[in-house]
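Asks: Sending over a structure as structure tokens; questions will come in a sec.
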Amino acid sequence: MCGISGIVHSENIGRNLFNSIRNLEYRGYDSCGMAMLQQGELDLRKNVGGIDEVNAIEKLDQMQGSIGIAHTRWATHGGVTQENAHPHLSPDRKFVIVHNGIISNYQELRERLLSQGVVFESLTDTEVFVNLLEESYSKYNDLEKAFLAALGEIKGSFSIVMLSSHDPDHLYCVKKESPLLLGLGEGCNYVGSDLNAFLEYTRKAIVLDDGEYVVLGRNEYQIRKVENGELVEKKVLHIDWDVETSKKGGYSHYMLKEIFDEPQTVRQALKIPREQISGFAEMLTDATHAYLMGVGTTYYVANISQYFFSTLANQYYPALSSDEFSVVRIESGDMVLALSQSGETYDTKTSLEYAKTHGAKTAAVVNVMGSAISMMVDQVIMQGSGPEICVVSTKAALAQTFIMLRVALELGLMRKQITQKDYQTHQQDLESFPQMVEQILNEQSGFVRNIARATSHVEHWLFLGCGVYYPVAMESALKMKEITYQHAEGMPAGFLKHGTLSMVEPALHTLFFVPLPEQKVLHDRTLNAMEQVKTRGGTVIAIMFQGDERTLAVTNQAIQLPQMSSLCAPLAQMIMAQMFAYYAALDLGRNIDKPRNLAKSVTVG
Ligand code: F6R
């Protein structure tokens with residue numbers, strides 16, 4: 001998704017501004033650019049390609065000036081071309097802007113401007129705004145008034161930052177339904193579409209709300225309502241994310257680093273105060289109907305959670321994909337519990353809005369502080385997993401799953417479906433999990449890598465599991481598809497014989513998520529499906545637990561985890577499958593941290 005950055009300083013900021021868009025790279029983009037004011041003139045450089053490619057041509061990091069804006073673009077309106085890349089400059093070269101979101105009425109504005117003789121350089125919706133700025137400035141001769149007048153003409157969802165040679169000391173910023181934050185430094189200030197734009201320079205941030213605009217100077221800022229110009233007092237947040245955790249820390253990819261962050265991520269999830277966890281459990285208990293919602297990986301986390309609630313609290317809450325949520329008739333008294341790493345996902349956000357409009361209570365587990373979803377729900381749990389830079393979700397998804405396990409346990413106790421004694425035992429299992437994760441990461445990565453290397457050529461996979469291991473299989477298949485570009489289908493193991501079995505032959509590989517033998521019913525069902533594949537000549541690989549001789553006898557290859565509690569077992573398997581996908585993609589030479597066609601946060605519909 002597109003990324004915005006802006007800096008107002010007293011010193012040359014070319015290098016810092018360049019770094020700031022590098023820190024936004026993980027959002028996914030196809031072009032980038034920067035604009036700076038140098039000796040009263042706007043210098044604009046942009047092109048298509050990755051940051052380093054564009055820098056090699058445009059020398060972005062050598063740009064001069066103490067005020068500037070920058071952008072990483074993920075094409076929506078208009079193809080991937082240099083003209084369509086941001087920033088966009090006005091014809092008189094006095095205004096330059098970066099924009100995220102969509103100006104929904106841009107066609108009619110463009111037609112009006114075209115009829116007035118304006119010549120457009122790009123096919124973007126954004127370029128109309130820079131022309132509106134030029135037009136309204138000629139009318140008002142006042143930059144703030146011109147900015148507001150131009151804003152009055154556009155509809156849609158947007159965050160925009162403008163730099164103009166008419167005011168060399170300020171950036172003009174506005175936020176409407178697309179994230180924008182300020183970073184407050186010493187003698188300098190920042191603006192960004194997410195914290196990573198300025199986290200390297202300051203930890204003090206302000207989250208802008210919809211309908212607010214800012215005149216941002218290096219020592220001061222004024223936040224006002226677009227509607228009536230009223231000044232707004234905002235809370236300054238101290239961001240406790242460690243900058244180092246957002247860097248690769250010696251790993252070859254963010255994905256691997258983030259998998260190895262998982263013990264710490266679970267520790268953080270354990271630190272979430274019990275009141276917050278029981279707050280969610282109470283909301284669920286009070287609801288007439290409750291729904292779990294997410295999309296992509298978070299939908300699978302919702303599916304896994306469905307099993308936790310049913311096993312531990314004897315409650316069935318349907319899990320729905322956010323993009324399909326509108327099939328549900330919501331009424332007052334209902335409740336929706338959403339999961340979102342970024343807190344900005346369009347489908348999840350719109351479905352929460354839909355639920356709220358129909359009177360439902362809302363709650364969410366979110367990773368990014370100040371994100372739209374975290375601000376819009378009635379109750380939020382900040383998962384505290386730290387920045388997840390790799391496009392595919394690993395540590396954040398694991399932490400969400402773990403947090404949902406905590407909520408299900410709390411609900412189970414509340415609803416007297418588990419005893420206090422069982423609760424304590426489960427709690428101890430959860431507390432020992434971070435250490436278990438450390439152990440399996442250290443002990444298993446070599447085995448996983450070997451199997452992944454030996455099978456990386458396989459183009460079709462079935463990932464199979466029973467009970468809670470079924471959504472784990474689906475999530476793992478998604479991971480595999482995302483980063484290897486090979487086909488993997490997640491399916492209930494028992495479903496196989498109802499059709500898909502016809503595909504089985506030696507080239508077809510299956511990855512089974514085998515429960516602990518003590519989970520007898522699930523274990524037997526899984527083993528049964530494994531035998532069906534084996535007897536038809538298919539290749540069977542298992543993620544299983546040590547000491548399970550029956551399973552071992554059926555597999556071609558196996559990743560054997562140490563015995564652990566049945567609560568944590570599916571989570572441990574999820575980690576192994578993340579690692580399996582990682583090493584397969586590594587062997588195939590894929591762009592692991594930024595898989596083709598994907599973006600970290602999908603903020604458009
Ligand atoms: C998969 C992945 C995506 C996201 C989905 C929701 O690895 O990362 O499927 O899970 O786009 O994103 P968030 O969690 O930011 O709402």
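The values are calculated or read from the model by the stated rules, or taken from the named source; none is laboratory data. Everything numeric in this text was worked out from a predicted model, so none of it was measured. Note that we place each Cβ from the backbone using ideal geometry, even for glycine, and neighbour counts take in every protein chain shown. Remember, those area values only see protein heavy atoms, side chains included, never the ligands or the DNA or RNA. Shrake-Rupley method; radii C 1.70, N 1.55, O 1.52, S 1.80 Å.
Asks: Return the whole-Å distance between the Cα centroid of segment 499-543 and the Cα centroid of segment 142-206.
Replies: The distance from the Cα centre of segment 499-543 to that of segment 142-206 comes to 55 Å.
Asks: Ranked highest first by average number of other Cβ atoms within 10 Å, how do 62-75, 534-547 line up?
Replies: The peptides rank, most packed first, as 62-75, 534-547.
Asks: Taking only the C-alpha atoms, wrap a convex hull around segment 442-605 and report its volume per residue in Å³ as a whole number.
Replies: About 124 Å³ per residue, rounded to a whole number.
Asks: Now a separate question. Stokes-Einstein diffusion coefficient for segment 3-239 at 10 °C in a medium of 1.306 mPa s, Rh from the Kirkwood formula over Cα pairs: what value in µm²/s?
Replies: So the translational diffusion coefficient is about 92 µm²/s.
Asks: State to the nearest 20 debye the size of the charge dipole of the chain about its Cα centre, where the only charges are +1 on K and R beta carbons and -1 on D and E beta carbons.
Replies: The calculated dipole for the chain is roughly 1080 debye.
Asks: Given the DSSP H assignment, sum -39500 (n - 2.57) over each helix run of at least 4 residues in the chain and divide by its residue total; what's the result at 222 nm in deg cm²/dmol, nearest 500?
Replies: -12000 deg cm²/dmol
Asks: Now a separate question. As I understand it, the dipole of the chain uses +1 on the Cβ of Lys and Arg and -1 on the Cβ of Asp and Glu, about the Cα centre. Which of Val392, Ile67, Tyr29 lies farthest toward its positive end?
Replies: Going by the Cα projections, it comes out as Val392.
Asks: Taking the alpha-carbon set of segment 159-313, what are its Rg and Dmax in Å?
Replies: 20.5, 64
Asks: Same structure again: Out of the trypsin sites (Lys or Arg not before Pro) in segment 374-480, which ones are loop residues according to DSSP with at most 14 other C-beta atoms within 10 Å?
Replies: Here the trypsin sites (Lys or Arg not before Pro) that fit, given the DSSP loop and packing criteria, are Lys416.
Asks: Then there is this: At a 1.4 Å probe, what is the % contribution of carbon and sulfur to the accessible area of segment 442-605?
Replies: 51 percent
Asks: Write down the accessible area per residue of the chain in Å², having rolled a 1.4 Å probe over the full set of protein chains.
Replies: Spelled out: the 1.4 Å probe surface of the chain, per residue, equals 38 Å².
Asks: As a test of reading the structure, rank Ser566, Ser326 by solvent-accessible area (1.4 Å probe, protein chains only), most first.
Replies: Ranked from most to least accessible, the order is Ser326, Ser566.
Asks: Here's a follow-up. With a ≥ b ≥ c taken as the square roots of the eigenvalues of the C-alpha gyration tensor of segment 439-482, please select rounded if a/c is under 1.5 and otherwise prolate if a/b is larger than b/c or oblate if it is not?
Replies: Oblate shape, in that a/c is at least 1.5 and b/c is the bigger or equal ratio.
Asks: Among His498, Ser601, Met579, whose Cα projects farthest towards the positive end of the dipole of segment 442-605, with charges put on the beta-carbon of Lys, Arg (+1) and Asp, Glu (-1)?
Replies: Ser601
Asks: Could you order Leu123, Leu256, Leu270 by accessible surface area, starting with the largest, using a probe radius of 1.4 Å? Can you show the working numbers first?
Replies: Numbers: Leu123 110, Leu256 20, Leu270 40 Å².
Output order, biggest surface exposure first: Leu123, Leu270, Leu256.
Asks: Here is a follow-up. With every protein chain present, what accessible area does Phe158 have (1.4 Å probe, heavy atoms only), rounded to the nearest 10 Å²?
Replies: Approximately 10 Å² of Phe158 is accessible to the 1.4 Å probe.
Asks: Equivalent-ellipsoid semi-axes (√(5λ), Cα gyration tensor) for the chain, whole Å, largest first?
Replies: Semi-axis lengths for the chain are 46, 26, 21 Å.
Asks: Take segment 309-368, drop everything but the C-alpha atoms, weight them equally and run the Debye formula without solvent; then report log10 I(q)/I(0) at 0.21, 0.22, 0.29 Å⁻¹ to two decimals.
Replies: Log-scaled intensity ratios, in q order: -0.85, -0.92, -1.26.
Asks: Which whole-Hz ³J(HN,Hα) couplings does segment 462-477 yield from phi under the Karplus relation 6.51 cos²θ - 1.76 cosθ + 1.60, θ = phi - 60°, glycine and proline marked x?
Replies: 10, 9, 10, x, 10, x, 4, 6, 5, x, 5, 5, 5, 4, 5, 5
Asks: As I understand it, the value is the acute angle between the Cα axis of helix 420-455 and the longest principal axis of the Cα atoms of the chain; what does it come to in degrees, rounded to 10?
Replies: Rounded to the nearest ten degrees, it is 80.
Asks: Using every pair of alpha-carbon atoms in segment 244-418, split the distances into 5 Å bins beginning at 0 and state the percent of pairs per bin, rounded to integers.
Replies: Binned Cα distances yield the sequence 1, 10, 18, 22, 21, 14, 8, 4, 2, 0, 0.
Asks: Could you work out the pair-distance distribution P(r) of segment 1-144 from its alpha-carbon pairs, with 10 angstrom bin width and percents rounded to whole numbers?
Replies: 12, 42, 34, 11, 0
Asks: Let me ask another. Which whole-Hz couplings ³J(HN,Hα) result when phi for each residue of segment 403-414 is put into the Karplus expression 6.51 cos²θ - 1.76 cosθ + 1.60, θ = phi - 60°, listed in order with x for Gly and Pro?
Replies: 5, 5, 5, 4, 5, 5, 4, 4, 5, x, 5, 4
Asks: Under 5 Å between amide H atoms, partner at least 5 residues away or on a different chain: which partners does Val368 have, H built in plane at 1.01 Å?
Replies: When sequence neighbours closer than 5 places are left aside, the close amide H contacts are Gly343.
Asks: Below 8 Å, C-alpha to C-alpha, sequence gap of six or more: please give me the relative contact order for the chain in percent.
Replies: 11 percent
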